[in-house]
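The values are calculated or read from the model by the stated rules, or taken from the named source; none is laboratory data. Computed from a predicted structure; not experimentally measured. Heads up, the Cβs are rebuilt from the backbone with ideal geometry, glycines too, and the neighbour counts pull from every protein chain shown. Note: accessible area is taken over every heavy atom of the protein model, side chains too, but ligands, DNA and RNA are not part of it. Shrake-Rupley method; radii C 1.70, N 1.55, O 1.52, S 1.80 Å.
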Amino acid sequence: MPELPEMEAWRRALDEPVSAFPITRAGPAHVATLKTYDPPLRELDGRRLAGARRRAKRLLFPTEDGELVVLVHLMTAGRLRYLRFGEKGPKTPAFQLVFEGGARLVLTEAGSKKRAGVWLLSPEAAEAELAHLGPEALGLGADRLAEICADESRRLHSLLRDQKLIAGIGRAWANEILHAARLSPYARSQDLDGDEVERLAAAIDAELERGLELRERGVNDARTYRVHDKLGQPCYACGTPIARVDFEEHTIYYCPECQTGGRWLTPYWGFKGRNWEKVSMASRRSRRRR
């Protein structure tokens, strides 16, 4: 799922183009993508957007007259593209805005599951839609982070991904941040001391800024992530192979040396023979007995 660095890079890239010309046609929209029906999309016809805004992992496109807001949540597979006149795009986008002169803002979504969403809202309704979100992750600061950690007894990976507590971080950047902070994904937030909170706050800013700079340059996932999706590859800091913990909805990548003092987290992927594969707790106990 695109996270704060990716969404902010898109916002900056789209801010000027989407405000250049009035909208001539809003839609069509896939029935699963458009989440609102009142006001209807035709209310956007003839209006000019005031640019692109971002809140957490969502993009907002307010109209210049201040009456409407297009809110977009890309979820996992959604992608936004600004296509200039004549530039080829998808035949059936999940959603599009057509501008005077022929340029288009198109939303596509890979796969059969349509989870990305578009809302057309009043500014007040848009504010209410976003009211549950916590403070922005970038620039959060050690003091505010300390308050959040003190109020929540959560594993750090889970805490960083909770949009109600800290907005903008998902599973990939949680992996990068925790490695940079040298903290276990399973560490409890209320157990952090002052130095660890400071390290975590600094890592949040440093990693999100690094990600934003790379994404603005168009760098791909493989060159952007240093820990996420790097199972078995040497840790860039110590050389230990990166390990992985699998859950139903997300995956944790971490360095057993830098983050957990040589301990493997479970359920985990590690060495079995000469190969990287899933190792159960039973096989770990069996190997200990041998």
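Taking region 186-211 as the range and being open to solvent by 30 Å² or more (accessible area, probe 1.4 Å), over 18 Å from D162 (Cβ atoms) and under 22 Å from the mean Cα position of the chain (by Cα) as the test, the residues that pass are R199, A202, D205, A206, E209, R210. Could you tell me whether region 16-37 includes any residue that is surrounded by fewer than 16 Cβ atoms within 10 Å (Cβ to Cβ), on the phi > 0 side of the Ramachandran plot and either of a type outside the set (V, I, T) or at pLDDT below 95 (or both)? No, region 16-37 contains no residue that is surrounded by fewer than 16 Cβ atoms within 10 Å (Cβ to Cβ), on the phi > 0 side of the Ramachandran plot and either of a type outside the set (V, I, T) or at pLDDT below 95 (or both). Number of residues in region 94-107 that are assigned to a loop (DSSP other than H, G, I, E, B) and crowded, with 21+ Cβ neighbours inside 10 Å: the value is 1. Residues in region 82-93 that are at pLDDT 95 or above and surrounded by 13 or more Cβ atoms within 10 Å (Cβ to Cβ): Y82, L83. Applying the criterion of at least 1 residues that are over 23 Å from the mean Cα position of the chain (by Cα) and at pLDDT below 95 to the strands (runs of 3 or more DSSP E) found wholly in region 216-290 leaves 268-272, 275-279. Go through the residues of region 26-34 one by one and say whether even a single one is assigned to a loop (DSSP other than H, G, I, E, B) and more than 30 Å from E216 (Cβ to Cβ). Scanning region 26-34 turns up at least one residue that is assigned to a loop (DSSP other than H, G, I, E, B) and more than 30 Å from E216 (Cβ to Cβ). The set of residues in region 51-71 being part of a loop (DSSP other than H, G, I, E, B) and open to solvent by 40 Å² or more (accessible area, probe 1.4 Å) consists of E64, D65, G66, E67. Being open to solvent by 30 Å² or more (accessible area, probe 1.4 Å), among the β-branched types (V, I, T) and over 18 Å from A172 (Cβ atoms) is the requirement here; does T260 meet it? No, not satisfied. Would you check if I166 is among the hydrophobic types (A, V, I, L, M, F, W, C), over 30 Å from R11 (Cβ atoms), touching a Leu at 6+ places or on another chain (Cβ under 9 Å) and crowded, with 20+ Cβ neighbours inside 10 Å? Against the criterion (among the hydrophobic types (A, V, I, L, M, F, W, C), over 30 Å from R11 (Cβ atoms), touching a Leu at 6+ places or on another chain (Cβ under 9 Å) and crowded, with 20+ Cβ neighbours inside 10 Å), I166 does not qualify.
Total residues in region 108-155 satisfying the condition of being part of a helix (DSSP H, G or I), without any contact (Cβ under 8 Å) to a residue 60 or more places away in the chain and in contact with a strand residue (DSSP E or B) (Cβ under 7 Å, 6 or more places away or on another chain): the figure is 1.
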